Amino acid sequence: MAIPKICGIETEYGIALRGVEDPNPITASAILINSYLSELARRGGAVHGAPQVGWDFVDETPDRDARGFMAAGAMPPDVETHMVNAVLTNGARYYVDHAHPELSTPECADARSVVVFDRAAELILERSMRDADTFLPEGQSIVVYKNNSDGKGNSYGCHENYLFDRETPFGNIVRFITPHFVTRQVFCGAGKVGSEIGAGPEAVPFQLSQRADFFEEEVGLETTLKRPIVNTRDEPHADPSKYRRLHVIVGDANMSEVATFLKVGTTAIVSCMIEDEWLPGRLVLRAPVPAIRSVSTDLSLARPIELEDGTRITALELQRELHRLAVEWAAARGLDCVGADVGAEILQRWDAVLTGLESDRESVAGQVDWVAKLRVVDAYRDRHGLGWGDARLRALDLQYHDLRPDRSLARRVGLERLCGDEEIEAAVTEPPHDTRAYFRGRCLAKFGDEVVSANWDSLVFDIGSDPLRRVPMMEPGRGTASHVASVIDGSRNAAELLDRLGS
Amino acid sequence: MSCGSRAVPERIEALTDEQVDEEVDMEERERIRRTPSERSSEQETDETVEEPTSAVAGDRIKAELDGLLDEIDEVLETNAEEFVRSFVQKGGQ
């Protein structure tokens, strides 16, 4: 039986420090995040203590491979422990990764909740820019972009995470999730002007995905070189005897809320179908790496890719088939593991976006980032009579992802909204109520001074007596408001909390 | 790291008034700039009922886009060539 698909998104943002010769992006990222944290600390109140709480790396094992071995010559990703690394009261983690600011949403119970916390993350980055501006010398400013490449061959990721039953063989996950990863870009690609692997503007004027250029392997552990379509990092941040965490590195960062909803929602459903052994072997691809690039660079959506049995099928047809199977699966098994109401909305919007792409592409310009972007790029090209190689088109592409409200193109193209400004505002400081992130976030808000460190699956308290007390949170579905709200609310300090929790 | 957190509050304190003014100004600009696209999305709802043919829908989309392109000319970086050239990132994950 499929287990609840607790999920989340971690986004590395592009960053530019304006007004400085040869700026250092690591310093810029640290300034950006520290400015936000300092401003939080200055304002005190509900965020009291949070900026002082550091990340605890005890649980990090990024070099463990889900296939149970270490590939010869493979480079495990480094974990940088010396940089800014904060836990926020909404349960998120905000830190410097490589040379980018990165924000990981808290664990969410469903795709809609991910959208809310992904938008809250944008708001946090937007405020960080504002806070950094008050701190930086006159003439300098930091600009953040929610995209995945600089147009010059350097890419940074927007990763998704899904909780999986440990009993599902990893080989099955690879086999059945790959066709979805290769083809879902038809509705969740963020769009890109040009190519970064040598194709000129005549061959590839525009493509569906920001990231497809950068995938060279079908499966592997790496994330920065020879990126694999399926990443094998085996680091569940939960009880490893019961759970896996599928770490997805193949996706684009979306500006469209509906695209984020569909990206996470359809992947959660396909993941449940894999756990339930619902997907047939005939949908497996013969050559996923060439296929992901072929789909990305085919604006007609008509170029077929090949299945293992030699059948040729378009990405849209493959998605249509996955959707049909998902409807059957939902009828037989129910949608509880992706949230009943949310699951129904995923199926309905999945159908609608495929219908739109099949019949009248313009009709999904309010939902699909690449369609929205291409529409504007085409219109701008027409108006100014520009060739595809013109720098202004690349500038438009970048500007689409600018997170400054007065500069963002994505905020101007009429993208449909799924969540309200009020719930996004609340999610900047309040954790989700329906995962263990509730316990993490509320403890930081209420007992921040007594929390020594935090990570995904534990909190460490200093209650004034030796030794420090670690509270393990190995079950991502426990520590919700219904489990612990009354215990937290009724405790005056961490010592009382720990007494009541019986730890 | 070049920004010690202790140095920050003083500086922010000193800039508090300016900061608030700037925010109001930004919100105001944002409101003004939003108006055209909000208006066009209202139009969209009204017109979809009356104008089912794709040719008319095409004209409507073109009119919407024209307004948007005017805005884009305003917000697009003035020196696109330099802007694009200087946007260089270190690779990440």
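The values are calculated or read from the model by the stated rules, or taken from the named source; none is laboratory data. All of these numbers come straight from a predicted model, not from anything done at the bench. All Cβ positions, glycine included, derive from the backbone under ideal geometry; neighbour counts span all protein chains shown.
The figures follow:
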read-out	value
Sole exception among (1) closer than 30 Å to B:LEU65 by Cα; (2) crowded, with 18+ Cβ neighbours inside 10 Å; (3) in contact (Cβ under 8 Å) with a residue 24 or more places away in the chain for A:ARG392, by number	(3)
Residues (of a type outside the set (Phe, Trp, Tyr), facing chain A (nearest Cβ under 7 Å) and outside any loop (DSSP other than H, G, I, E, B)) located in the stretch B:66-93	B:LEU68, B:LEU69, B:GLU71, B:ILE72, B:VAL75, B:ALA80, B:GLU81, B:VAL84
Hey, A:ARG303 in contact with a helix residue (DSSP H, G or I) (Cβ under 8 Å, 6 or more places away or on another chain) and in contact (Cβ under 8 Å) with a residue 60 or more places away in the chain or not	no
Hits in the stretch A:228-244 - residues which are touching a Pro at 6+ places or on another chain (Cβ under 7 Å) and either polar (S, T, N, Q) or more than 15 Å from B:GLN93 (Cβ to Cβ) (or both)	A:ALA238, A:TYR243, A:ARG244
Residue match in the stretch A:291-309 (condition: part of a helix (DSSP H, G or I), of a type in the set (A, V, I, L, M) and under 21 Å from A:GLY356 (Cβ atoms))	yes
Number of the condition not met by A:GLY389 [criteria: (1) facing another protein chain (nearest Cβ under 9 Å); (2) modelled with pLDDT under 95]	(1)
Selection count where residues are touching a residue at least 12 places away in the same chain (Cβ under 8 Å) and outside any helix (DSSP H, G or I), scope the stretch A:476-490	5
Selected residue (only one of A:PHE170, A:PHE214, A:PHE176 is touching a residue at least 40 places away in the same chain (Cβ under 8 Å) and in contact with a helix residue (DSSP H, G or I) (Cβ under 8 Å, 6 or more places away or on another chain))	A:PHE176
Conditions (1) outside any helix (DSSP H, G or I); (2) surrounded by fewer than 23 Cβ atoms within 10 Å (Cβ to Cβ); (3) more than 19 Å from the chain's Cα centre (by Cα): number failed by A:HIS159	(3)
Subset of the stretch B:74-89 (residues that are at pLDDT below 85 and surrounded by 12 or more Cβ atoms within 10 Å (Cβ to Cβ))	B:VAL75, B:LEU76, B:GLU77
Evaluation of A:ARG244 against (1) modelled with pLDDT under 95; (2) in contact with a Lys or Arg (Cβ under 8 Å, 6 or more places away or on another chain); (3) surrounded by fewer than 22 Cβ atoms within 10 Å (Cβ to Cβ); (4) basic (Lys, Arg) (one fails), failing number	(1)
Residue in the stretch A:129-140 that is of a type in the set (A, V, I, L, M), surrounded by 23 or more Cβ atoms within 10 Å (Cβ to Cβ) and either more than 12 Å from chain B (Cβ to nearest Cβ) or in contact with a Pro (Cβ under 7 Å, 6 or more places away or on another chain) (or both) present	no
Cβ-Cβ under 6 Å pairs, at least 6 apart or on other chains, the stretch A:405-420 side within 22 Å of A:ARG112 (Cα to Cα) and more than 7 Å from chain B (Cβ to nearest Cβ), far side in a loop (DSSP other than H, G, I, E, B) and hydroxyl-bearing (Ser, Thr, Tyr)	A:LEU415/A:SER256
Flag for A:PRO23 being farther than 28 Å from A:ARG166 by Cβ, in a loop (DSSP other than H, G, I, E, B) and either more than 14 Å from chain B (Cβ to nearest Cβ) or at pLDDT 90 or above (or both)	yes
Any strands (runs of 3 or more DSSP E) falling wholly within the stretch A:381-472 and containing at least 3 residues that are in contact with a strand residue (DSSP E or B) (Cβ under 7 Å, 6 or more places away or on another chain), farther than 30 Å from A:VAL193 by Cβ and not aliphatic (A, V, I, L, M)	A:469-472
So A:ARG245, is it assigned to a strand (DSSP E or B) and of a type in the set (Lys, Arg)	yes
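Okay, residues lined up against (1) in contact with a Leu (Cβ under 8 Å, 6 or more places away or on another chain); (2) more than 18 Å from A:VAL264 (Cα to Cα):
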| site | (1), (2) |
| --- | --- |
| A:ILE292 | no, yes |
| A:ALA302 | no, yes |
| A:LEU307 | yes, yes |
| A:GLN319 | yes, no |
| A:VAL353 | yes, no |
| A:ASP378 | no, yes |
| A:GLY385 | no, yes |
| A:ALA391 | no, yes |
| A:LEU398 | no, yes |
